[in-house]
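The values are calculated or read from the model by the stated rules, or taken from the named source; none is laboratory data. As the structure is a prediction and not an experimental result, all values here were calculated from the model. Every residue, glycine among them, receives a Cβ derived from its backbone with ideal geometry; neighbour counts consider all protein chains shown. For the accessible areas, the whole protein counts, side chains as well, though only heavy atoms, and no ligand, DNA or RNA atoms are used. Shrake-Rupley method; radii C 1.70, N 1.55, O 1.52, S 1.80 Å.
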Amino acid sequence: MYRNDATGPFFALLLAAALYLSAYLDGRRIAAMGGGYEDALTVGQIGLITFATLFLIYALIGFFSIWLEGVELRPGRRLPSPGAAVPLVAVLLAVIEAALGGFFVRLMLHHLTVEPVSAAAQGAVFGAMMLVGAVLLAIYKKYYLGDEVLVEEEHSEVPW
């Protein structure tokens, strides 16, 4: 395949939004039938949310691939030339990553010594650290690594 097409990820994103919406509306219907507040997720809602998350991840991977590699893959070697803003953004993200790491360590020490900290707060800080790290890796791949596209003949010696 020599082209990255956005059609599949776009429809996966629409399907994910529809599944998330149906899980939300199902919860609202259950709450209305019970005459109040919904306490827990049903099995159907968990299934809808799971498949919606799966399609959302597929769409994000597709759009991310288009951003990194472009729409059309061209054989040869291309060396990127980052502008002046890219290193500045990378340094800013690295500082944010270090600050989040320090905050996470302080949060763990507070949890161990003073009082328990909620798991949601710990997970949110760690998730933010991972997200900033992923953005840093993407910036490095996009603006500092050269792209090399190797094109093979369709009839190679590989049996499949």
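Subtracting the Cα-Cα distance from 0.36 nm times the residue separation, let me have the gained length for Leu25 to Phe51 in nm, one decimal.
Separation in residues times 0.36 nm, less the Cα-Cα distance, equals 7.8 nm.
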Legend entry - Estimated distance in nm for a label pair at Tyr143 and Leu60, the labels positioned 7 Å out from Cα along Cα-to-Cβ: 2.1 nm
Legend entry - Accessible area in the full protein assembly, largest first, 1.4 Å probe, for Leu13, Leu107, Leu88: Leu88, Leu13, Leu107
Legend entry - Solvent accessible area, Å² - Ser118, 1.4 Å probe, full protein context: 70 Å²
Legend entry - Fully extended contour minus Cα-Cα distance, from Leu112 to Ile96, at 0.36 nm per residue: 3.3 nm
Legend entry - Per-pair calculated FRET efficiency, R0 = 45 Å: Val105 and Phe11 via Cβ, rounded to 0.05: 0.60
Legend entry - Solvent exposure, largest accessible area first (probe 1.4 Å, DNA, RNA and ligands not counted), of Asp39, Asp5, Asp26: Asp39, Asp5, Asp26
